[in-house]
Amino acid sequence: MNRDDERERALHAVAEWRSPSRPLVLALSGPGGLGKTELAVLIARTLGEHHRFTDGLLSVDLDDFRADGVLDPGDVLSQLLTTSLDVAPDQVQAQYAARCRQYWNRTSEAKLVLLLDNARYASEIVPLLPASGTSVVIVTSHGPLHDLESGAALDLALPPLDERAATQLLELVARDHRLAADPEAARAVVRLCDGLPAALHAAGRWVRAHRLRPLSRLLADLQAELDEKGVSGVEQIWDTVYDDLSRPAAHVYRLLAHHPGETFTLHSAVALSGLAPEACQDALEELDRAGLLDLRRLPLTEAGQMRLPGPQRGHALRRSRRETPDDVVAEAQARLLRWIVRQAQLADRFAAGERLTVVDLLDPVPGVPDAPLEDPGAAVDGAARTERAERAARWLDEERHVLFACSRLAHGRGMDTEVVALSEPVWTHALDRPHQSEVVEVFRRAVDSAVRHGGNAAWLVRTRCQLARPLWESGDLNEAREQIDRAMSALELLGDSKRDRKLAASAVEFRGMLNSAQGDWSSALADFSDSRERHRAIPNPYGVLLQTYRMGEASARTGDLDAARSLLAEAHAGFVAKGRERLIGRSAFALAGVLSRLGLPDEARALYQESLARADRRRSGFDLARVHDALAELDAGEGNLAQAEEHRAEAQALRRSNGLL
């Protein structure tokens, strides 16, 4: 309503924009409740229907990527690359600067519309701008974004709706004949809303919820409320609507302001509120009818994430501070934390299979059902097992920001068990996703909680090893070495249980991996050999198999090709027997490389082809590209120049599609 001028200005600016490398930025600004997001979506959809933007519409709410108000742009880039630009997750660059270059490479010729909602500073926007003058970026923010490149942005500061447009919106929302029957009272309601669409939505739903009262009485009730508080505006409209809520709905509304992270689900709302599932569902639907929650905006995620818009969250927090005792909030958050930890542990187990963990599965929270995740082990066939495992991995990805926020909250409340427990599913998530700065902070908090607790040696070993890996992957080898050394020092505090012995063997493997990252392959080989013997003594057959594979890779690096061939052949056969898809392909690749160096090209080619097929099945861009490179080298060595060129072209195309050229 009444946004035709801004919309026309935006569309005209897009039509006139000419730049070879810089996208036009349409910056929509104004306080909460003015309808910036709705206008941005309308403009984006209008542009998306134009034949000029053939690469589609991308949309990101930046508030979903904030930790304590600070944006992680690397995580936003990762989301854009994998979800919107079809880059394989294992191809996203770990280093932030490299990831920026990858994003710019991937968008250098793009023709897309990018919507960035809830920006706070221009510095947040710059790394996310496509490197293409044929793209358009639409940004919403509460205030103007200074420091955007001169001439590349159109500032559209949204004013409040005028009376005509505000009346039309109120009539559209309320759909009530009393507005036409008493136009003076209707105008009074409009004036009280001060031209804010959010207030008009709330007022319209409030009118619709009281169909038997004359509009003049409703207006008198609202005016009395405003007179008592002395200030007019949207806050008082929401107060009036809130005061009409049932006790359960008001209880849920107040507690949602204390939910860790920006999003919640029906299940997490049940855990937070302490209500029965049906009562919580009724309360959420009542909030939707009252205009304090918009269920029409449910995102297309399997977790069913919802959110209180920023202005509503602030209002809910203010009402909570006045009406909800601190001990009630603390109890609700503790209940939610225990529930979230349990769900993350289940998702970890379902996604990664049974593995070594140092915190046992938490008990169910009384009265709160688990999230709808299914155990792959109970599936009747392989396809169902795979689908259930992938569903659990998607849950970890979709809920990662809630997990990060829960880690912060649990650490602040001194809940060390929950902090360490959360770090383990975050580890599983991070293995399949590129490095995120918040992941490192989760592991740091876990180390701090393990040290603060002081009574669990297994926590000390596990958390320091978890932290070391992202450190060395991001190039911080010195701190990674410090963490591994401290983990090794804690080994003497472990007991003789099977779990503790597995953990000790794992720590030695981590030290070997760090030595590998530093190029010290002789020391790495010694560590992997030591770890294998520890696994044999437990016994732990899979651990033996994995260390055999690592020893084979290290032997190849040290030049002992005969030993490498024997070790990798043994590992490959073992992985085939156990059906470990990823490791079958990777051990085949490693063994093929050794056979090629030994002058056995036919045997190498067969294994390369096996590795290629499995990488294709897993859609691993990293593995596909390197196998094509290896086959190109093999063909070139045999004089098959045409075939070699085909493989090089395939590798080149894979890297180009992933923004790596």
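General remarks:
- Net charge over other residues, Cβ less than 10 angstrom from the Cβ of ARG550 (K, R count +1; D, E count -1): -2
- The residues packed around ALA480, meaning those with a beta-carbon under 9 Å from its beta-carbon, carry a net charge of -2 if Lys and Arg are +1 and Asp and Glu are -1.
- For the stretch 560-661, the relative contact order comes to 20 percent (Cα pairs under 8 Å, sequence separation of at least 6).
- Nearest-0.05 FRET efficiency for GLU374 and ARG656, computed from C-beta distance (R0 25 Å): 0.05
- Estimated at 0.36 nm per residue, the fully extended path between ARG619 and ALA384 surpasses their Cα-Cα distance by 82.7 nm.
- Prolate/oblate/rounded call for the stretch 318-454, Cα gyration tensor, a/c under 1.5 rounded: prolate
- Size of charge dipole - the stretch 419-477 - debye, nearest 20, with Cβ of Lys, Arg +1 and Asp, Glu -1, no other charges: 200 debye
- Tensor-based shape of the stretch 533-586 (alpha-carbon gyration tensor, a/c under 1.5 rounded, otherwise prolate or oblate): oblate
- Considering only the chain, percent of DSSP beta bridges that pair antiparallel, nearest 5: 10 percent
- Within a straight-line Cα-Cα reach of under 17 Å, LYS578 can be paired with the following aspartates and glutamates, leaving aside sequence neighbours fewer than 8 residues apart in one chain: GLU354, ASP381, GLU570, GLU610.
- Correct choice for Cα Rg over 2.2 N^0.38 Å that was computed from the model, options [x] 1.11; [y] 1.02; [z] 0.95: [x]
- DSSP-loop trypsin sites (Lys or Arg not before Pro) across the stretch 1-42, with at most 15 other Cβ within 10 angstrom: ARG18
- Stretching the chain fully between ALA97 and ASP560 yields a gain of 163.0 nm (0.36 nm per residue, less the alpha carbon separation).
- Inter-part distance where the stretch 369-408 and the stretch 546-620 are each reduced to a Cα centre, Å: 30 Å
- Counted by neighbouring Cβ atoms within 10 Å, the residues ARG656, ARG335, ARG187 run from fewest to most as ARG656, ARG187, ARG335.
- Over all other residues within a Cβ to Cβ distance under 12 Å of ASP500, the charged ones net out to +4, with Lys and Arg as +1 and Asp and Glu as -1.
- Mean separation of Cα contacts under 8 Å (6+ apart) over length of the chain, as relative contact order %: 11 percent
- Dipole check for the stretch 247-324: with +1 at the C-beta of Lys and Arg, -1 at the C-beta of Asp and Glu, and the Cα centre as origin, the magnitude is about 480 Debye.
- Restriction of the trypsin sites (Lys or Arg not before Pro) in the stretch 526-578 to DSSP coil positions whose beta-carbon has at most 14 other beta-carbons within 10 angstrom yields no sites.
- Nearest-20 debye value, the stretch 4-157 charge dipole, Cβ charges on Lys, Arg, Asp, Glu: 440 debye
- Sites listed here are trypsin sites (Lys or Arg not before Pro) in the stretch 47-130 whose DSSP assignment is loop and whose Cβ has at most 14 other Cβ atoms within 10 Å: ARG52.
- With both labels modelled 7 Å from their Cα along Cα-to-Cβ, the LEU295 to GLU16 distance reads 4.6 nm.
- A simple spin-label model places pseudo-atoms 7 Å from Cα toward Cβ; at ARG582 and LEU356 they are separated by 1.7 nm.
- Inter-part distance, the stretch 84-121 to the stretch 441-478, computed on C-alpha centroids, equals 30 Å.
- Inter-centroid distance (Cα atoms) of the stretch 4-35 relative to the stretch 37-55, Å: 11 Å
- Computed from Cα atoms, the angle from the helix 234-243 axis to the main principal axis of the chain rounds to 90 degrees.
- Theoretical gain in end-to-end length, HIS142 to ASP485 [0.36 nm per residue, Cα-Cα removed]: 118.7 nm
- Furthest towards positive pole of dipole, HIS429, MET513, GLN236, structure part the chain, Cβ charges: MET513
Since every read-out is calculated from the coordinates, none of them should be taken as a lab result. In this text, all values refer to a predicted model and were calculated from it rather than measured experimentally. Glycine also receives a Cβ, built like all others from the backbone with ideal geometry; neighbour counts cover every protein chain displayed.
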